[in-house]
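First up is the structure itself, then whatever we jot down about it.
Laboratory data are not the source of any read-out in this text; all were calculated from the coordinates shown. Treat the numbers as computed from the prediction; the structure is a model and nothing was measured. Quick reminder, even Gly has a Cβ in these numbers, built from the backbone with ideal geometry, and neighbours come from all protein chains shown.
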Amino acid sequence: MSGTFARLAKSSATHMAVAFLAMGSWAVFANRAHPLPGPLLAGLVQGTLSAFITLFLKRFIENLVTRFAGVSGLVLPPLFAGLTSLTLLYSIHSLAGTPEILATIAVPLTVATFYATLYTYTLWSA
């Protein structure tokens, strides 16, 4: 892996930008049947939320895994991460007036929870 590519791959800013573009694009697509600016606002809101969730989710899980012993350390961190993501996504999209909230948050919530589960297992089993 080249030096420049390796630096980009490790960069939080890169991960945030990819999350913004991928999940923001999904939100625009999920709301495409509604008149503008609805889909664009949904994309901006989701992209921003995904960028910040990406930034904080890793640290959140690392903190939770160390707080719980045994199986609780495996089960509770992804559960809390998923519930926190769900609460934030649903609440902020409701406030923003996103037309298709459930369709908008389905993919980002699934990705975040899947990541939380895999990362928790990696930390827990080490």
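Quick notes on this structure:
- Against the list (1) surrounded by fewer than 13 Cβ atoms within 10 Å (Cβ to Cβ); (2) in contact (Cβ under 8 Å) with a residue 12 or more places away in the chain, the condition K10 fails is (2).
- Lone qualifier among S94, S85, S125 - being touching a helix residue (DSSP H, G or I) at 6+ places or on another chain (Cβ under 7 Å) and surrounded by fewer than 14 Cβ atoms within 10 Å (Cβ to Cβ): S94
- Hits in the stretch 93-108 (condition: part of a helix (DSSP H, G or I) and of a type outside the set (S, T, N, Q)): H93, L95, A96, I101, L102, A103, I105, A106, V107, P108
Let's see how each residue does on (1) surrounded by 12 or more Cβ atoms within 10 Å (Cβ to Cβ); (2) not in a helix (DSSP H, G or I):
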position: T4; (1), (2): no, no
position: M23; (1), (2): yes, no
position: W26; (1), (2): yes, no
position: F29; (1), (2): yes, no
position: H34; (1), (2): yes, yes
position: F52; (1), (2): yes, no
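- Condition met for V111 (of a type outside the set (F, W, Y), in contact (Cβ under 8 Å) with a residue 60 or more places away in the chain, on the phi < 0 side of the Ramachandran plot and assigned to a helix (DSSP H, G or I)): yes
- From N31, N63, residue being of a type outside the set (D, E, K, R), farther than 24 Å from V107 by Cβ and touching a Pro at 6+ places or on another chain (Cβ under 9 Å): N63
- Positions within the stretch 68-98 being closer than 15 Å to A116 by Cβ and either touching a residue at least 40 places away in the same chain (Cβ under 8 Å) or of a type in the set (D, E, K, R) (or both), in sequence order: G73, L74, P77, P78, L89
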